[in-house]
Structure formats: C-alpha cells, structure tokens
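A short write-up of the structure that comes next.
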Amino acid sequence: MSKKMVLTEYYELCEGGVCEDLLTENEKTEIKKGKMILTGKLQAADQKNGNDRVYPEKILKREVKNYEKLVRERRSLGELDHPEDSVVNLKNASHLVRRVWWEGKDVMGIVEVLNTPSGKILQSLVESGIKLGISSRGLGSTEEKGGNTVVKDDFQLVCFDFVSETSTTGAFMIKEHADTSVFTKADRINRALNAILAD
C-alpha cells in the first residue's frame, strides 16, 4: 500500500499573448484600473508530465469540481512557492484563482494577483518578464501502471501555487493587458505555436 504524500506539478507562466475573449467585462475593467490578471493552463489529465506522473481524467475532473466550490466562495488562494505542508497559509497568499474550466484534457484558469506582500513579489516578477510556473498542490498516492506513475483515487487537490520550476511544455499563463498593442508579432506567433503544440 502506497503512502499518501503531497503531490506538486509545474506548469509554465510567461508574459505575452492575449486571451481577452476569456475575460468578463468586469475583469477587463479591473485590468484597466491596474489589477493584474493571468490566464492559462493549470493542469492536464491523462498526460505524463515533467514529474513522470499521470493524472487520470476521472480523478482530476472530480477534484476540479470540488475545487470550483472554493473558487465560488473566493477561498481558492495559492502561494508563491510550495510550502512543505498541504495547508494554504494566509500570510503567504499571493493570488486567487477566480475561474477554472476544461478545454479538452486541460484545466484552464483565470488568476488574480493579490495586493499582499507575496502578491507584490509575484507581480514584480511577472512585470520583469520572469518565467514562472503554475503548480498544482494536492495530497495523494501513486502506483506504477503500464510504465507510468499514475495518481490514485485518493488524490485531493489543495490549490495552485506559483513556482520557479516548470514541467509541461506549452502550458502558459498569460498576463492580461488593457492595451493589446503591447504584444509583438513574435508574441502572437509563440501563442499560436503553443496552441498547435497543445493539440
């Protein structure tokens, strides 16, 4: 019997590209007033990630559905860097996940950077063009199956944290801007390539 442990996964965050069609009018107004909002991929099902783990779609769908309750209640906080435990420490909160949804096998999300000490560090890093990862944190155990390390049914999704390491190619969180003209042709090409590679 395998022991339940903290499982963390990493997805890459970068600046560049626009997902305005994903934003509500209220979110667009908030961006114009200076709020930092990030969009992109949070997690993926049925794919081996950089940590050599596979999250079965059935298990991940259940946990995302449970996590949506935290999102609705505005309790879906995350931290800047993973702590050693499975509890979200309020003093280290840097962001709030505002929405989650599925696109095929990918869990997508919209994240608001908070005006907290950790949130200000996160905002400064993003504005400086530093590539960061978005990382799921959960509790669960794994088993070897078909040459893969598969997350078992006891998995519980805790939150999504920002980290410096990455594990999934093409999984980008994107800073939303009020002025879309800041994006270069290269930014738009990179976004299109990422979308093609994700298919």
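The values are calculated or read from the model by the stated rules, or taken from the named source; none is laboratory data. A quick note: this is a predicted structure, and the numbers were derived from the prediction, not measured. FYI the Cβ positions are ideal-geometry reconstructions off the backbone, even for glycines, and counts take in every protein chain you see. Please note that ligands, DNA and RNA were not included when accessible areas were found on the heavy atoms of the full protein model with its side chains. Shrake-Rupley method; radii C 1.70, N 1.55, O 1.52, S 1.80 Å.
Across region 19-44, the qualifying residues are those that are among the aliphatic types (A, V, I, L, M) and either open to solvent by 70 Å² or more (accessible area, probe 1.4 Å) or touching a helix residue (DSSP H, G or I) at 6+ places or on another chain (Cβ under 6 Å) (or both), and the one among them that is nearest to Val100 (Cα to Cα) is Ile37.
All conditions but one from (1) among the hydrophobic types (A, V, I, L, M, F, W, C); (2) at pLDDT 70 or above; (3) open to solvent by less than 60 Å² (accessible area, probe 1.4 Å) apply to Ala192; the one that does not is (2). Among the residues of region 45-54, just one is buried (at least 16 other Cβ atoms within 10 Å of the Cβ) and closer than 15 Å to Met108 by Cβ, namely Ala45.
Flag: Lys48 does not match the condition of being more than 30 Å from Pro117 (Cβ to Cβ) and modelled with pLDDT of 95 or more. Residues in region 94-116 that are over 20 Å from Glu30 (Cα atoms) and surrounded by fewer than 19 Cβ atoms within 10 Å (Cβ to Cβ): Trp101, Trp102, Glu103, Gly104, Lys105. Counting only strands (runs of 3 or more DSSP E) that fall entirely inside region 44-128 and contain at least 3 residues that are touching a residue at least 60 places away in the same chain (Cβ under 8 Å) and aliphatic (A, V, I, L, M), the qualifying elements are 106-113. The set of residues from region 92-122 being closer than 10 Å to Leu80 by Cβ and among the polar types (S, T, N, Q) comprises Asn92, Ser94, Thr116, Ser118.
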